[in-house]
1. Mind checking which helices (runs of 4 or more DSSP H) fall wholly inside the range 78-197 and carry at least 3 residues that are over 20 Å from ASP59 (Cα atoms) and modelled with pLDDT under 95?
2. Among (1) touching an Asp or Glu at 6+ places or on another chain (Cβ under 6 Å); (2) under 19 Å from PRO124 (Cα atoms); (3) crowded, with 18+ Cβ neighbours inside 10 Å, there is one condition GLY147 misses while meeting the rest; what is its number?
3. Need pairs with beta-carbon distance below 6 Å; first residue of a type outside the set (Asp, Glu) and assigned to a loop (DSSP other than H, G, I, E, B) and within the range 48-73, second at pLDDT 95 or above and surrounded by fewer than 19 Cβ atoms within 10 Å (Cβ to Cβ); sequence gap 6+ or separate chains.
4. Please work out which one of (1) without any contact (Cβ under 8 Å) to a residue 24 or more places away in the chain; (2) near the ligand (Cβ under 8 Å from one of its atoms); (3) touching a helix residue (DSSP H, G or I) at 6+ places or on another chain (Cβ under 9 Å) is the condition TYR83 fails and give its number.
5. Search the range 92-136 for residues being β-branched (Val, Ile, Thr) and without any contact (Cβ under 8 Å) to a residue 60 or more places away in the chain, and hand back the single one that is farthest from ASP194 (Cα to Cα).
Amino acid sequence: MIFKFFAPCLLLFGASACFAAEAVPAPAAVPDTVKMPVKPRTLVVFYSRTGHTRKVTEDLALLLGADVEELIDKKARAGMSGYLGAGKDALGEKLTELGPLKFNPADYELVVIGTPVWSWNMTPAVRTYLSAHKAVFGTVAFFTLSGKTAPDKIVKKMEVLTGKTARAFAGFVDADLKDQNRAVYEGKIRAFADKLK
Ligand SMILES: Cc1cc2nc3c(=O)[nH]c(=O)nc-3n(C[C@H](O)[C@H](O)[C@H](O)COP(=O)(O)O)c2cc1C
């Protein structure tokens, strides 16, 4: 008798339809706060000519679960003439033209900005970004990449330009990124990330 009922049912509708006898209760209404899209609270912005600042940015963004904005300097910076122009422009505190941005820094609680050191200064790309967006930054943090120059004076200039005190800052040097210094580098970047969480 039971088989007589289920056999045609199974043939026509499949097993799930035949055995789903109990009505499934409607899901409870989801509060609006839960429906809000989850946005990372941190944006890491960087400029990099030869990849060091990019590497630190990528590691930091992974540790923080942050979005990443790469600044594109439209002025040619490659080769010897690019190098010389870069040093001169940074020393002269010149601005530059940036490519289009993907993210609005006003959407983030914390914006972390990384720059290579050029002639003891921030790069023109980072200077341009800071000048253009200083009015909308919430909390900021900075980091530098250099051959050996300490971050303090460059960070001070970034603070003066934005009118903001950095929540934290860090200075990385090219030697930090060598394989033999991996443990030291990891300690350094984790310590920096911990101050930003
Ligand atoms: C034009 C120019 C000027 C530089 N000036 C300095 C400097 O004043 N002090 C320093 O320690 N390193 C200096 N450097 C080295 C870079 O800061 C360093 O190699 C950095 O890691 C490069 O970052 P990037 O690979 O993200 O471009 C300079 C590099 C360039 C291209």
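1. Working: elements: 79-91, 124-133, 152-162, 182-196.
Output list is empty.
2. (3)
3. Here the result reads SER48/ARG54; LEU71/LEU98; ILE72/GLY99, each pair linking the range 48-73 to a residue that is at pLDDT 95 or above and surrounded by fewer than 19 Cβ atoms within 10 Å (Cβ to Cβ).
4. Here TYR83 clears every test but (3).
5. This residue is THR96.
The values are calculated or read from the model by the stated rules, or taken from the named source; none is laboratory data. No experiment lies behind these values; they were computed from the predicted model shown. Cβ: placed from backbone, ideal geometry, glycine included. Neighbour counts: every protein chain shown.
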